[in-house]
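Peer 1: For reference, the structure I am asking about is given below.
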Amino acid sequence: MQFFVLKQESIAEHQRARVDALKAEGTNFGEAPRCESCGQCVGMRLWLPPYRVELETWGHEFADLAITGTDLLVSQHFKQVWERSQLVGLSGFADVEVVKQNRHRKAMGDPPAYFRSVVSRSPAEIDFAASEFEWGIAPTCPACRLGDVVKRWKRIEIDQSTWRGEDVFIARGLPGEIIVSERFKELCDRNNVGNVSLVPAESFGHDFYPSEQGAAPSCASTGSTAVRIIGVYPIVASEPCHLIEVEIDGQNERFDWGSVTQGDPGQPRANWQVAYDETPLNDEGSRWAFFFHQLSISRPLLTPAGPLDLPAPTPMPDRLKHVKYEEP
């Protein structure tokens, strides 16, 4: 069985039906799931009803699917297609209310009915050796298989002896990514499902520390200053917010945090969000964390050293629990 990593298509690539979904202000959250063996968080805090979202649309049609953390927002069309199929791995399909829309292009009519669907947590395991995973601190728990700091991986290989046939799932060892089967790909292709990008798992790699490998494809640099994103972690706040962990090499004392921003085609630059409440994480001043409101994972983070692609959000690691959010 071939596997794919589920992503949303970029704005540039998918003008037809690109939609981002943000959980609306006042959203209720439960506790994050924890490993039954070691107690470590293995996912984001649970999204609780009532389910309310704000949509940011980039295409001329409304999307059939949008990623909201490790849940999916799916349209009536996708729900019907899924229910007619024999595929497994999604459950719930609870009604979602769209409370606000921000349209960057003229979309056709009103949005369809949307539903929140839960992605299954599978016993399927990432084959770390075949995927060439490297950690700062390797996993010690055989149940959740989570290390403290993932440095890089070259591909995603599923240990098929642990896979139970799910077509949409979260694998043990990489809780921030949604994996799908080739049957799911065929379903989307046959039914023209919009806003879906499926990256072959065997070519899905990422390097959080490219300088250790003698290259920096995901590192922004001006020559005197380099910035690398270590992780992006959703937090609970009155509006959508993430904690972003970065490493800075160079002129740290002169780093302009007010220039850390994210472009919004629907707003003048003066209204763009900027880094908030930056905090040093080590004595050398090379590692920092800051909060960022209304973050769009699909758009690059703009820094004084250049633009940076954002990795998929993952649960907050225990080593950052001391960084507390205060309302601006």
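Peer 1: Starting from the Cα of ALA113, step 7 Å along the direction of its Cβ; do the same at ARG319; then give the gap between the two resulting points in nm.
Peer 2: Spacing of the two 7 Å Cα→Cβ label points: 4.7 nm.
Peer 1: Given labels modelled 7 Å from the Cα in the Cβ direction, how far is it in nm from ALA130 to ASN102?
Peer 2: 4.1
Peer 1: Let me ask something else about it. Can you say what percent of the DSSP beta bridges in the chain, counting only those with both residues inside, are antiparallel? Round to 5.
Peer 2: If I count the DSSP bridges inside the chain, around 90 percent turn out antiparallel.
Peer 1: Only sites in a loop by DSSP and with at most 12 other Cβ atoms within 10 Å count here; which trypsin sites (Lys or Arg not before Pro) in the range 159-203 make the cut?
Peer 2: ARG164
Peer 1: Can you tally the net charge around TRP47? Count Lys and Arg as +1, Asp and Glu as -1, for every other residue whose Cβ sits under 11 Å from the Cβ of TRP47.
Peer 2: That works out to +3.
Peer 1: Rank the residues PHE78, PHE29, PHE204 as a footprinting-exposure proxy: fewest other Cβ atoms within 10 Å of their Cβ go first.
Peer 2: Exposure proxy ranking, most exposed first: PHE29, PHE204, PHE78.
Peer 1: Can you check how the C-alpha radius of gyration of the range 3-207 compares to 2.2 N^0.38 Å, as a plain ratio?
Peer 2: Relative to the 2.2 N^0.38 Å estimate, the range 3-207 comes out at 1.04.
Peer 1: Longest segment of the chain with no GluC sites (Glu not before Pro) in a DSSP loop having at most 11 other Cβ atoms within 10 Å?
Peer 2: 37-283
Peer 1: Which of VAL96, VAL199 comes first, and how do the rest follow, when ranked by fewest Cβ neighbours within 10 Å?
Peer 2: VAL199, VAL96
Peer 1: What is the fewest-to-most order of ASP283, ASP264 by other Cβ atoms lying within 10 Å of their Cβ?
Peer 2: So the ranking, lowest neighbour count to highest, is ASP283, ASP264.
Peer 1: With the cut-off at 31 Å, tell me which of the pairs LYS79/LYS154; LYS79/LYS100; LYS185/LYS321 have Cα atoms farther apart than that.
Peer 2: Too far apart for the 31 Å limit: LYS79/LYS154; LYS185/LYS321.
Peer 1: For the range 3-207, what is the relative contact order in percent, using Cα pairs closer than 8 Å and at least 6 residues apart in sequence?
Peer 2: With pairs under 8 Å counted, the relative contact order is 27 percent.
Peer 1: Between beta-carbons, use under 13 Å as the cut-off and find the net charge around MET1, counting Lys and Arg +1, Asp and Glu -1.
Peer 2: Once positives and negatives cancel, what remains is -4.
Peer 1: Follow-up question, since we're still on this one. Residues with amide H under 5 Å of ARG52's amide H, sequence separation 5 or more or different chain, H placed in the peptide plane at 1.01 Å from N; which?
Peer 2: ALA24, GLU97
Peer 1: Taking the Cβ of THR279 as the center, what net charge do the other residues with Cβ under 12 Å away carry, scoring Lys and Arg +1 and Asp and Glu -1?
Peer 2: It works out to a net charge of -2.
Read-outs: derived from the displayed coordinates by stated rules, not from any lab. All values reported here derive from a predicted model rather than from experimental measurement. Using ideal geometry, Cβ is built from the backbone for each residue, glycine included, and neighbour counts are taken over all protein chains shown.
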